[in-house]
1. Counting Lys +1, Arg +1, Asp -1, Glu -1, what net charge surrounds T150 among other residues with beta carbon under 11 Å of its beta carbon?
2. For the chain, what is the calculated [θ] at 222 nm in deg cm²/dmol (nearest 500), taking -39500 (n - 2.57) for each run of four or more DSSP H residues and dividing by its residue count?
3. Take the alpha carbon atoms of the stretch 123-144, find their center, do the same for the stretch 24-71, and report the distance between the two centers in whole angstrom.
4. How much of the accessible area of the stretch 2-195, probe 1.4 Å, is carbon plus sulfur, in whole percent?
5. Counting only other residues whose beta carbon sits under 11 Å from that of A124, what net charge do I get with K and R as +1, D and E as -1?
6. Using a Förster distance of 30 Å, how high is the FRET efficiency between E186 and V153, based on the Cβ-Cβ distance and rounded to 0.05?
7. Note the full-extension length gain between D129 and D47 as 0.36 nm times their separation in residues minus their Cα-Cα distance, in nm to one decimal.
8. Quick check on the chain: of the DSSP beta bridges with both residues there, what percent are antiparallel, nearest 5%?
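The values are calculated or read from the model by the stated rules, or taken from the named source; none is laboratory data. The structure displayed is predicted, hence computed values, not measured ones. Cβ: placed from backbone, ideal geometry, glycine included. Neighbour counts: every protein chain shown. All accessible areas refer to the heavy atoms of the entire protein, side chains included, with ligands and DNA or RNA removed. Shrake-Rupley method; radii C 1.70, N 1.55, O 1.52, S 1.80 Å.
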Amino acid sequence: MQAFGSGHSEALAMEIAGRAGGLVPTSRIALRDIVLYGGQPQAVLEDPGLERDPGVARQLYDLAPVDPRDVFVIASNSGVNGVVVELALLVKERGHGLIAVTSLEHSGRVTPLHPSGKRLCDIADVVLDNGAPYGDVALPGQIGAVSSVTAAVLAQMVVAEVVARLVEAGQTPPIYLSANIPGGHEHNQLLEARYAGRIRRTA
């Protein structure tokens, strides 16, 4: 499973890839990958328009350890920024399953920024509404952002559903243990070795 989100939506990808209670065969794609793995100068990450640039999406896909069987989970509260929509289009073009986590209320009230005129929710096979209101705030005074909280819950629900289906199929799910319990680190290393070359762990 490949997980991506830019800005605060990266929190969803962090919930899915590389944490205790999660599935080992997962990877997190991040905008900084174009620097860490793509050789671009660090200064490109200072561009506030980076997540709106559709051209970045192909770089991210090409740099990731993607297998044809991988399912993608892409999070974006607005669902309209260029890199998110372009990556979603590329994912579907390459034959991957795609789960979107987005705010349907917010996305429906803003103009798509991708040349296609599409939103993330228009492209995905499965759309999970994070329930965030327009503007992503729930309290008077334009405070109380909620999309990171609800996206984290949805991420854990997706993992729980995948695990339940693996168990139902008679398989033993490859689950991370906390590295802060006895034997946890060794357990995780053994499982990661099983998926060498297919997963990536970044800071």
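1. Values: positive: none; negative: D129, D136.
With Lys, Arg at +1 and Asp, Glu at -1, the neighbours total -2.
2. Values: 8 runs with 73 residues, N = 203.
Result for the chain, helices only: -10000 deg cm²/dmol.
3. Centre-to-centre distance over Cα atoms comes out at 24 Å.
4. Numbers: 5260 of 9520 Å².
The value for the stretch 2-195 is 55 percent carbon and sulfur by accessible area.
5. Working: positive: K92, K118, R119; negative: D122, D125.
Around A124, the charge tally is +1.
6. Working: r = 30 Å, r/R0 = 1.01.
Efficiency at R0 = 30 Å is approximately 0.50.
7. Working: separation 82, 0.36 × 82 = 29.52 nm, distance 2.87 nm.
So the extension gain works out to 26.7 nm.
8. Values: 3 of 19 bridges.
Here the antiparallel bridges make up roughly 15 percent for the chain.
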